[in-house]
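The values are calculated or read from the model by the stated rules, or taken from the named source; none is laboratory data. What you see is a predicted model, and the numbers here were worked out from it, not measured in a lab. Positions of Cβ are generated from backbone atoms using ideal geometry, with glycine treated the same way; all protein chains shown enter the neighbour counts.
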Amino acid sequence: MRWLLYILVFLALLVLAGFLFPRVATTERSVYIAEPPQVVFPHLNNFRNFNQWSPWYQLDPQAEYTYEGFPEGNGAVMKWHSDNPSVGNGSQTITASEPYSHIAMDLDFGAQGKAKSEFKLQPQGSGTNVTWSFSSEMGGSPVARWMGLLVAKMVGKSYEEGLQKLKTVVESQDGPAGSPSTEDAVPAGPGTIEPEEIDPGMENEIIEEDEIEEPDTDGDALEEFEKEEQP
């Protein structure tokens with residue numbers, strides 16, 4: 001019977017310890033990217049760029065993704081559906097977007113609960129320090145608070161992987177993320193003014209015309225005066 005008493009005491013200690021843990025599970029990870037915030041920001045602010053560096057995309061490349069709301073920034077929504085339990089179903093919505101400095105998101109994992117996530121971009125030299133944070137309300141249950149520790153650890157590991165992939169993608173790109181390709185470019189509408197193309201030859205002619213000197217009217221007047229003074 002003594003061993004049973006030990007087990008009960010041990011379980012009681014676990015329960016008491018659970019009450020000492022915070023109600024909110026939090027974690028954050030940071031990475032330095034050798035590009036300015038203006039280059040990093042579009043990779044985070046547009047969900048269509050998310051799977052280029054997402055730590056969960058490779059877990060199920062066949063997962064279904066849909067996008068709603070605005071293409072980027074505040075109000076943009078991305079939903080996913082996967083048969084892989086490590087990916088599952090859910091959605092994330094951008095709730096705040098401050099260009100080149102901060103993005104806040106609401107995460108909804110269905111029956112698994114909700115959470116919040118943030119990106120903070122801070123200039124550091126010629127690059128950017130990116131911090132990715134996560135927080136989720138675990139409730140008052142001591143068991144749930146113990147689970148919060150595990151969730152924070154697992155999410156932290158995924159965030160590390162994602163930030164390293166983000167670093168690789170951003171630092172190896174040729175141009176800024178989100179730049180429309182020729183196929184994705186929006187056709188010009190009635191109110192759209194497109195820059196006029198200038199023929200290289202015409203451009204040279206324009207430059208040459210700008211370089212033409214005005215006639216020296218003072219010199220012509222002096223020459224006429226000298227002719228009149230001659231006998």
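Quick look at the values:
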| quantity | calculated |
| --- | --- |
| Subset of segment 127-157 (residues that are among the hydroxyl-bearing types (Ser, Thr, Tyr) and modelled with pLDDT under 95) | Ser135, Ser136, Ser141 |
| Complete set of residues in segment 66-77 that are surrounded by fewer than 15 Cβ atoms within 10 Å (Cβ to Cβ), at pLDDT 95 or above and within 19 Å of Tyr100 (Cα to Cα) | Gly75 |
| Qualifying positions in segment 14-62 - of a type in the set (A, V, I, L, M) and modelled with pLDDT of 95 or more | Val31, Ile33, Ala34, Val39, Val40, Leu44 |
| Filter result (exposed (fewer than 15 other Cβ atoms within 10 Å of the Cβ) and farther than 25 Å from Gln122 by Cα) within segment 78-107 | His81, Asp83, Asn84, Pro85, Ser86 |
| Residue within segment 69-77 that is more than 24 Å from Gln38 (Cβ to Cβ) and under 16 Å from the mean Cα position of the chain (by Cα) present | yes |
| Strands (runs of 3 or more DSSP E) (entirely within segment 81-148) containing at least 3 residues that are within 17 Å of Ile33 (Cβ to Cβ) and touching an Asp or Glu at 6+ places or on another chain (Cβ under 8 Å) | 127-137 |
| Within segment 99-122, tally of residues that are of a type outside the set (Gly, Ala, Ser) and under 11 Å from the mean Cα position of the chain (by Cα) | 8 |
| Number of the exception - Leu166 against (1) in contact with a Leu (Cβ under 9 Å, 6 or more places away or on another chain); (2) modelled with pLDDT under 90 | (2) |
| Condition check for Asp184: modelled with pLDDT of 95 or more and more than 23 Å from Ile33 (Cβ to Cβ) | no |
| Unmet criterion (only one of (1) out of contact with any helix residue (DSSP H, G or I) (no Cβ under 8 Å at 6 or more places or on another chain); (2) aromatic (Phe, Trp, Tyr); (3) farther than 22 Å from Glu161 by Cβ) for Tyr67 | (1) |
| Condition met for Ala63 (more than 11 Å from the chain's Cα centre (by Cα) and either within 21 Å of Glu98 (Cβ to Cβ) or hydroxyl-bearing (Ser, Thr, Tyr) (or both)) | no |
